[in-house]
Amino acid sequence: MTEASHVPVLLERVLDLLEPSVAVDRPVVVDATLGLGGHTEAMLNRFADLHVIGIDRDPEALARAKTRLAAFGDRVTFAHAVYDEIAEVVAEAGFRTVSGVLFDLGVSSMQLDLADRGFAYAQDAPLDMRMNPEDELTAADILNTYTSRDLAKVLREYGEEKFAKRIADAVVAERAREPFTDSARLVDLIRTSIPAAARRTGGNPAKRTFQALRIEVNDELGVYRRALPASLEILAPGGRVVVLAYHSLEDRITKRAFTEVTTTDVPRDLPFVPEGHEARFRLVTRGAEMATEAEIDENSRARSVRLRVVERIAA
Ligand SMILES: C[S@@+](CC[C@H](N)C(=O)[O-])C[C@H]1O[C@@H](n2cnc3c(N)ncnc32)[C@H](O)[C@@H]1O
């Protein structure tokens, strides 16, 4: 196995934010994005009685996390699942409610580093990008079958790509010659499709297209939209959901969902909130928290992180 690593983002802050919610008898936290288990390992070290249910859709990540966390024995339950199945996973592990849920969204550095997974634009590799290699749809399938219009929509919405239409048109013209299989050809095509001035700024122009394809391949936003309400449902009173988002759309979904459950449907000018209309959750973070410059200097993944936390109000 290639030795790959991943430095957990906002680690101490995440632990501090979970601390009040795990100060209960037999606490359970779901790490919905176990990855290489960096956050989980630190939680298990800091909170002596904690049990963690670790979910990942990537079997390679799970295998590595299992090795790393072996010393914690039965304090960890591993689940190969997509995190919108969180309620089923928790029930199967024998719990009804949990004290916390952590989402550290996106891909891990390990996935980016393994060239054959096709997530990175810097190496020539198969256009795959599936987090679970058993899933059907690959990045190549999208490039070879989507209409120019649908492809442009994916690139614009998920990659915030200004030249989405140009790139999509170029892909459709190019695939008629020969279907796409590997990343280098796509990277070259993107470079030549965008205006020369845009090539000179903003890093590798393929970055946005690769991010967009990855989000589409794994239906990341659709899954996350379903997972968030499901995770709020299984929270015990006093329990918290902690989210680390790296993409503005993910952060927007988080913000909306948290705002919805922390506000009441009572008109603002009513002097009191009638019984049964109280919000069931409260915001723990005011706005989104970001990483410090010092952390960003050490870990470039921290640059785009937005942290938000919500708590179920104790009954
Ligand atoms: C940023 S990494 C997590 C890193 C982890 N916190 C650590 O410290 O090692 C995100 C992980 O979540 C997994 N993942 C992404 N979307 C998922 C989903 N919908 N369901 C389950 N796992 C998912 C990815 O496979 C990846 O391993």
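The values are calculated or read from the model by the stated rules, or taken from the named source; none is laboratory data. Owing to the predicted nature of the structure, the values given are computational and were not obtained by experimental measurement. Positions of Cβ are generated from backbone atoms using ideal geometry, with glycine treated the same way; all protein chains shown enter the neighbour counts.
The residues of region 248-277 that are among the charged types (D, E, K, R) and away from the ligand (no atom under 16 Å from the Cβ), listed by number, are Arg252, Lys255, Arg256, Glu260, Asp265, Arg268, Asp269, Glu275.
The residues of region 100-147 that are away from the ligand (no atom under 11 Å from the Cβ) and of a type in the set (S, T, N, Q), listed by number, are Gln123, Thr138, Asn144, Thr145, Thr147. Listed by first and then second residue, the pairs linking a residue in region 3-17 that is modelled with pLDDT of 95 or more to a residue that is polar (S, T, N, Q), with Cβ atoms under 7 Å apart and 6 or more places separating them unless they lie on different chains, are Val9/Asn299.
Please determine whether any residue of region 262-277 is surrounded by 15 or more Cβ atoms within 10 Å (Cβ to Cβ) and either at negative phi or not acidic (Asp, Glu) (or both). Taking every residue of region 262-277 in turn, at least one turns out to be surrounded by 15 or more Cβ atoms within 10 Å (Cβ to Cβ) and either at negative phi or not acidic (Asp, Glu) (or both). Within region 52-60, can one find any residue that is basic (Lys, Arg), near the ligand (Cβ under 6 Å from one of its atoms) and assigned to a loop (DSSP other than H, G, I, E, B)? The answer is yes, given that some residue of region 52-60 is basic (Lys, Arg), near the ligand (Cβ under 6 Å from one of its atoms) and assigned to a loop (DSSP other than H, G, I, E, B). The set of residues in region 12-40 that are farther than 15 Å from Arg240 by Cα and near the ligand (Cβ under 8 Å from one of its atoms) comprises Thr33, Leu34, Gly35, Leu36, Gly37, Gly38, His39, Thr40. All told, Val154 falls short of being surrounded by 16 or more Cβ atoms within 10 Å (Cβ to Cβ), under 18 Å from Met129 (Cα atoms), without any contact (Cβ under 8 Å) to a residue 60 or more places away in the chain and in contact with a Phe, Trp or Tyr (Cβ under 9 Å, 6 or more places away or on another chain). Scanning region 290-309 for residues that are surrounded by fewer than 16 Cβ atoms within 10 Å (Cβ to Cβ) and touching a residue at least 12 places away in the same chain (Cβ under 8 Å) returns Met290, Glu298, Arg303. Among residues of region 268-289 that are closer than 25 Å to Ser231 by Cβ, those with a Cβ under 6 angstrom from a residue that is of a type in the set (D, E, K, R), sequence gap 6+ or separate chain, pair up as Phe281/Arg312; Arg282/Glu311; Val284/Glu311; Thr285/Arg308; Ala288/Arg306; Ala288/Arg308.
Please tell me if Ala197 is part of a helix (DSSP H, G or I), modelled with pLDDT under 95 and either in contact with an Asp or Glu (Cβ under 7 Å, 6 or more places away or on another chain) or surrounded by fewer than 21 Cβ atoms within 10 Å (Cβ to Cβ) (or both). It is true that Ala197 is part of a helix (DSSP H, G or I), modelled with pLDDT under 95 and either in contact with an Asp or Glu (Cβ under 7 Å, 6 or more places away or on another chain) or surrounded by fewer than 21 Cβ atoms within 10 Å (Cβ to Cβ) (or both). If the condition is being assigned to a loop (DSSP other than H, G, I, E, B) and closer than 12 Å to Ser99 by Cα, then region 22-46 contributes Val22, Ala23, Val24, Asp25, Arg26, Pro27. The residue list Gly94, Gly106 contains one member that is at positive phi, over 21 Å from the mean Cα position of the chain (by Cα) and outside any strand (DSSP E or B), which is Gly94. Count of region 235-260 residues, restricted to those that are under 13 Å from Val310 (Cα atoms) and charged (D, E, K, R), is 4. Filtering Ala212, Ala302 for residues that are assigned by TED's automatic domain parsing to the domain that holds Leu155, within 15 Å of Gly106 (Cβ to Cβ) and small (Gly, Ala, Ser) leaves a single hit, Ala212. Of all residues in region 37-76, those that are touching a strand residue (DSSP E or B) at 6+ places or on another chain (Cβ under 9 Å) and within 19 Å of Asn132 (Cβ to Cβ) total 11. Scanning region 212-247 for residues that are over 27 Å from Val28 (Cβ atoms) and either over 15 Å from the mean Cα position of the chain (by Cα) or modelled with pLDDT under 95 (or both) yields one hit, His247. Answer yes or no as to whether Asp116 is part of a helix (DSSP H, G or I), more than 30 Å from Ser21 (Cα to Cα) and modelled with pLDDT under 95. Yes; evaluated as a whole, the condition is true for this residue.
Scanning region 61-81 for residues that are assigned to a loop (DSSP other than H, G, I, E, B) and crowded, with 20+ Cβ neighbours inside 10 Å returns a single hit, Leu69. Candidates Ala245, Ala198, Ala212, Ala227: the one that is away from the ligand (no atom under 16 Å from the Cβ) and of a type outside the set (S, T, N, Q) is Ala198. Being part of a helix (DSSP H, G or I) and surrounded by 18 or more Cβ atoms within 10 Å (Cβ to Cβ) is the requirement here; does Glu88 meet it? The answer is no for Glu88.
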